[in-house]
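Here is the structure we will look at, set down as structure tokens.
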């Protein structure tokens, strides 16, 4: 098999799996039941659910994969991930505690747009078409705000009990960050191995096109849901 196919085919397979899962922020039925019925401070379970959401949250991971794709120094990775974390944490916590309402379809469509943006940025599209690129740190922060708000809108649908809510949401957020740390650690390890091969440079274009495709899938699904909402 050609080197480029060895890299591209796993991405194609991953995107195929995303087609039936294009409902961002999916929550398992058992977890949903727990969230709806839990009362009082539940630090451990909410830590676990937060970590589980991030590890299985392909929308967040696909965006972060695009963010770190061409970052070769850990200090740069740490800076960009911190910008995303600040934005994600702020709107997740504030969205739930202040009951900030937003249309989940539109928020998740914007999350899809964030994935498209990062793949397009990695391909040099902004420089080629417009002669300059947006401030990448600022864009990561801004899109982080939408990623957190998307999760907040999902949690609001479960009618979380006000008893212990602050503790539980803070625990959930810490769990999200722990899950992000674990997932990114694995991604960075695999990326480090990939970058030592000749296929990385040859396949980076195709990989970022597929990142964009994943974002377009999510956008299309969510915009269709929004259009059908009032039908």
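With angles folded into 0 to 90 degrees, how steeply does helix 165-195 sit against the dominant principal axis of the chain? Use alpha carbons for both and round to 10.
Between the helix axis and the principal axis of the chain, the angle is about 10 degrees.
Once you sort the root eigenvalues of the Cα gyration tensor of the stretch 173-218 as a ≥ b ≥ c, which label holds: rounded (a/c under 1.5), prolate (a/b larger than b/c) or oblate (the other case)?
oblate
Pop a pseudo-label 7 angstrom from the Cα along the beta-carbon direction at both residue 73 and residue 43 and give the gap in nm to one decimal.
For residue 73 paired with residue 43, the spin-label model returns 3.8 nm.
For the stretch 109-207, what class follows from the C-alpha gyration tensor (a ≥ b ≥ c being the square roots of its eigenvalues): rounded when a/c is under 1.5, otherwise prolate if a/b is larger than b/c, else oblate?
oblate
What list do you get for 53, 88 if you sort them by fewest beta carbons within 10 Å?
53, 88
Radius of gyration and Dmax for the stretch 23-145's Cα atoms, expressed in Å?
16.4, 54
Tell me the label-point distance for the pair residue 187, residue 33, using the 7 Å Cα-to-Cβ offset, in nm and rounded to one decimal.
Result for the modelled spin labels: 3.2 nm.
Based on alpha-carbon atoms only, what is the radius of gyration of the chain relative to the globular estimate 2.2 N^0.38 Å? Can you show the working numbers first?
On the way: Rg = 18.0 Å, N = 231, 2.2 N^0.38 = 17.4 Å.
So the Cα radius of gyration is 1.03 times the expected 2.2 N^0.38 Å.
Go ahead and set up a Gaussian network model of the chain, Cα springs under 10 Å, then flag whichever of 144, 119, 220 fluctuates most.
220
When a footprinting reagent is the concern and you count Cβ atoms within 10 Å, what order do 35, 151, 186 take, fewest first?
Ranking 35, 151, 186 by Cβ neighbours within 10 Å, fewest first, gives 186, 35, 151.
Using only Cα positions of the stretch 49-99, each an equal point scatterer, no hydration layer, compute I(q)/I(0) via Debye at q = 0.19, 0.20, 0.21, 0.31 Å⁻¹ and quote the log10 values to two decimals.
-0.74, -0.80, -0.86, -1.16
Helix 3-18 versus the longest principal axis of the chain: what angle, 0 to 90°, nearest 10, using Cα atoms?
Between helix and principal axis, roughly 20 degrees.
Starting with the fewest neighbours, write out 108, 59 ranked by other beta-carbon atoms found within 10 Å of each beta-carbon.
In order of increasing Cβ crowding within 10 Å: 59, 108.
Below 8 Å, C-alpha to C-alpha, sequence gap of six or more: please give me the relative contact order for the stretch 77-163 in percent.
The value is 56 percent.
Subtract the Cα-Cα distance of residue 156 and residue 202 from 0.36 nm times their separation in residues, and report this length gain in nm to one decimal.
12.2 nm
By how many degrees, 0 to 90 and rounded to 10, does the Cα axis of helix 199-229 deviate from the longest principal axis of the chain?
Around 40 degrees separate the two axes.
Hey, what number do you get for the chain at 222 nm if only DSSP H runs of n ≥ 4 count, each worth -39500 (n - 2.57), divided across all residues, to the nearest 500?
When only DSSP H runs of four or more count, the value is -26500 deg cm²/dmol.
All of the numbers you see were taken from the coordinates with simple rules; none came from a lab. Just so it is clear, the structure is predicted and the values come from calculations on it, not from any experiment. Cβ atoms come from the backbone with ideal geometry, glycine included; neighbour counts cover every protein chain shown.
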